[in-house]
Amino acid sequence: MLRTGNPALKESTFLDIGSGAVVTRDGESMTLNGTVNKTALLLVLAVITGAYAWNSVAPTAAGISPNYPIFLIGGAVGGLVFALATIFKQTWAPVTAPLYALFEGLFLGAISAFFEMRYPGIVMQAVLLTAGTLFALLMAYRSGLIRATENFKLGVVAATGGIALIYLATIVLRLFGTDIPYIHESGVIGIGFSLFVVVVAALNLVLDFDFIESGVEANAPKYMEWYAAFGLVLTLVWLYIEFLRLLAKLRD
């Protein structure tokens, strides 16, 4: 019943925790407020390092700073390492989730500076769209307008898996000097594909909300607040990057 397209917040997460997943003593179980607070903290950490990377690679008259690859690759690799560590060892989440946010901030700051250099104003638009989508879907979920039924979860997971396969195929094909035609270009098909990916990424937020709610109801241990917050931030990062790609295609 915990099906989700997020690789961190997967269906078997609570089963993987073991018999100690259920906590009955006050103050030792996962709460909604605790998860919200930890999500906010992770976002703040990402913004701090993102701002640092942004200022460090700020474009000059000669173009993007030579430090750009350091922050981009270093942030991406560091974020991936700590993301995998968090996914495979949930009990480490109180330490690895903040470290993930710090490294992911470096990556986001660098890539945002690159997009801003090519398309002035695009970063603020992507940030506002991401935040607006988060709050709109949260309100829709809390009001019952959108329900995470089993068929809804199955559809979102299937779409997410299809997108992942397309991106994987793109990476492999680019190693051989070719690409999947149309979908990564700025034509009608490319814009339509990006819009579809944005919608799927946004719908994953609904599944993340459902996961968090299920964890609270199951009295999951306290560290799962960090883990759930990490999973939610993971989806928000994906959504933000897809908004950047969509806006860039529209600008072109």
Q. Based on the alpha-carbon gyration tensor of region 117-222, what equivalent-ellipsoid semi-axes (square roots of 5 times the eigenvalues) come out, in whole Å, largest first?
A. 31, 19, 13
Q) On the accessible surface of the chain, probed at 1.4 Å, how many percent belong to carbon and sulfur atoms? A) 71
Q: Enumerate the calculated ³J(HN,Hα) couplings along region 171-186 in order (Karplus 6.51 cos²θ - 1.76 cosθ + 1.60, θ = phi - 60°), each rounded to whole Hz, writing x wherever the residue is Gly or Pro.
A: 4, 5, 5, 5, 5, 9, x, 10, 7, 6, x, 6, 5, 9, 9, 9
Q | Charge tally in the Cβ shell below 12 Å around Gly215, where Lys, Arg are +1 and Asp, Glu are -1, Gly215 excluded | A | -4
Q) Expressed as an acute angle from 0 to 90° and rounded to the nearest 10, what is the orientation of the C-alpha long axis of helix 188-217 relative to the principal long axis of the chain? A) 20
Q: Using the Karplus curve 6.51 cos²θ - 1.76 cosθ + 1.60 with θ = phi - 60°, work out ³J(HN,Hα) for each residue of region 231-242 in order, rounded to whole Hz, and write x for Gly and Pro.
A: x, 5, 5, 4, 5, 5, 4, 4, 4, 4, 5, 5
(Q) For the chain, compute Rg over Rh where Rg is the Cα radius of gyration and Rh is the Kirkwood radius from the inverse mean 1/r over Cα pairs. (A) 0.98
Q: Putting +1 on Lys and Arg Cβ atoms and -1 on Asp and Glu Cβ atoms, find which of Gly190, Thr133, Gly162 reaches farthest to the positive end of the dipole of region 106-231.
A: Gly190
Q: With +1 on each Lys and Arg Cβ and -1 on each Asp and Glu Cβ, and nothing else charged, work out how big the dipole of region 91-246 is about its Cα centre, in Debye to the nearest 20.
A: 120
**Q.** Principal-axis tilt of helix 32-56 within the chain, Cα atoms, nearest 10 degrees
**A.** 20
Q. Taking only protein heavy atoms and a 1.4 Å probe, what accessible area per residue, in Å², does the chain have with all protein chains in place?
A. 50
Q) Full extension from Leu173 to Glu150: what is 0.36 nm times the residue separation minus their Cα-Cα distance, to one decimal in nm? A) 4.8 nm
Q: Quote the relative contact order of region 11-250 in percent (integer), defining contacts as alpha-carbon pairs under 8 Å separated by 6+ residues.
A: 33
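The values are calculated or read from the model by the stated rules, or taken from the named source; none is laboratory data. Predicted model, so just to flag it, every value in this text is computed and none were measured. Quick reminder, even Gly has a Cβ in these numbers, built from the backbone with ideal geometry, and neighbours come from all protein chains shown. With ligands, DNA and RNA removed, areas are computed over all heavy atoms of the protein, side chains included. Shrake-Rupley method; radii C 1.70, N 1.55, O 1.52, S 1.80 Å.
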